[in-house]
Amino acid sequence: MNCVGRLIVVVLFEGVDLLDVTGPPEVFSLARRETEHAAGYEVLLAAAATGPVTTAAGVRVLPDATFDDLSGRRIDTLIVPGAVELDDRRRVRALTDPTVVEWVRRLAERTRRVTSVCVGAHVLAAAGLLDGKRATTHWSTARQLADEHPEVRVDADPIFIREGDVWTGAGISSCLDLALALVADDLGEAVALRVARQLVMYLKRPSGQSQFSVPLEQVSTTRRVEDLRHHILRHIAEPLTVADLAAHAHVSDRQLTRIFKTELGTTPYAYVESARVEAARQQLESTDATLQHIATACGFGTVDTLVRAFRRRLDTTPTEYRRRFRTAVSTHS
């Protein structure tokens, strides 16, 4: 393998998420080690000024270079992390600094491929780099991204998406999956898998892997919908039809559908299916229960229905999911 120079630039700014900054460089460092430095990766942290940058975790990080220092260099990969704040309703909102957006726009012109980590997709979108493209971000800010940038085709489900030379990743630990995919693109799957083993990851997850818990973590602003959500989880093995849920909430079927669409951005049927997949996922990870038991306990009824839901929601099968992500085995009684 010939040594090829690949300059990786990670963008720094105040309030940036720490793991977004430190995760990808660790992957590239291990790739260098696994190839005896033939990977040719050089990682630089760049910011507007030379002083320490305080991350959201309170840890200060010192840049290697300023954005101006990079003006004459060709960049192989630009990695743009993100930052968030909580609004007055405790909802997560992505932040974008106009100065950072402008620098990203300029740097992208000299970059072979541009990537975002987690809510860094909002910075790419503000820079016009996601126009007309399919992109992902952390599930908690996906609706914000879609609302603020209708020209972007937001897909909150996959852990990362590649559109030509633009890659977007979900959050937060999926920054490792994205970086592994970049390594695989450069050096092949075998090297990426060796790096994944060094990271003690079960495997290098494919881009289509879902952000699993997305619908269940959305925050409602009304007590009625929160009550419905808890009711669904407590009665997950029961039919839970629209009529059942409407009766529990003391509203009409039509009004229930409207409430779910407004509050959670989905339909009652889709939400219930997501809740069931989430419940099944947890059993697959932590028990050795049979698929039939899980299908019954989680309200799917049959194994075929369970399998179809997993294929639809997670692009995998229950058996494959268990093989990849089981963390402990306990005897089912």
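First select every other residue whose beta carbon is under 13 angstrom from the beta carbon of Arg134; then total the charges, Lys and Arg +1, Asp and Glu -1.
That works out to -2.
Going toward the positive end of the dipole of the chain, with +1 on Lys and Arg Cβ and -1 on Asp and Glu Cβ, which of Val53, Pro318, Val152 do you reach last?
Positive-end residue among those listed: Pro318.
In whole Hz, with x marking every Gly and Pro, tabulate ³J(HN,Hα) for the range 186-199 from phi via Karplus 6.51 cos²θ - 1.76 cosθ + 1.60, θ = phi - 60°.
7, 10, x, 5, 4, 5, 4, 5, 5, 5, 4, 5, 5, 7
Count the DSSP beta bridges whose two residues both fall in the chain, then state the antiparallel fraction as a percent rounded to the nearest 5.
Around 30 percent of the beta bridges assigned by DSSP in the chain are antiparallel ones.
Provide the gained length on full extension for the span Arg223 to Ala190, in nm with one decimal, where the gain is 0.36 nm per separating residue minus the Cα-Cα distance.
The span from Arg223 to Ala190 would gain 6.9 nm if fully extended.
So what are the range 1-71's ellipsoid semi-axes, whole angstrom, largest first, if each one is the square root of 5 times an eigenvalue of the alpha-carbon gyration tensor?
Calculated on Cα positions only, the semi-axes equal 25, 15, 7 Å.
Under the Kirkwood approximation for Rh and a Cα-based Rg, what ratio Rg/Rh is obtained for the range 112-172?
0.90
log₁₀ I(q)/I(0) of the chain at q = 0.09, 0.13 Å⁻¹, via Debye over equal Cα point scatterers, no solvent, to two decimals?
The calculated log intensity ratios at q = 0.09, 0.13 Å⁻¹ are -0.54, -1.02.
Bin by bin, in steps of 10 Å, what percent of the Cα pairs in the range 1-151 do you find, going until the bin that has the longest distance?
11, 40, 34, 13, 2, 0
So, for the range 25-144, what is the accessible surface per residue at a probe of 1.4 Å, expressed in square angstrom?
45 Å²
Taking R0 as 56 Å, what FRET efficiency do you get between Lys261 and Gln198 from their Cβ-Cβ distance, rounded to the nearest 0.05?
Using R0 = 56 Å, I get an efficiency of 0.80.
In the chain, what percent of the accessible surface is made up of carbon and sulfur (1.4 Å probe, ligands and nucleic acids excluded)?
50 percent
The values are calculated or read from the model by the stated rules, or taken from the named source; none is laboratory data. All of these numbers come straight from a predicted model, not from anything done at the bench. All Cβ positions, glycine included, derive from the backbone under ideal geometry; neighbour counts span all protein chains shown. Surface areas here come from the heavy atoms of the whole protein model, side chains and all, with no ligands, DNA or RNA. Shrake-Rupley method; radii C 1.70, N 1.55, O 1.52, S 1.80 Å.
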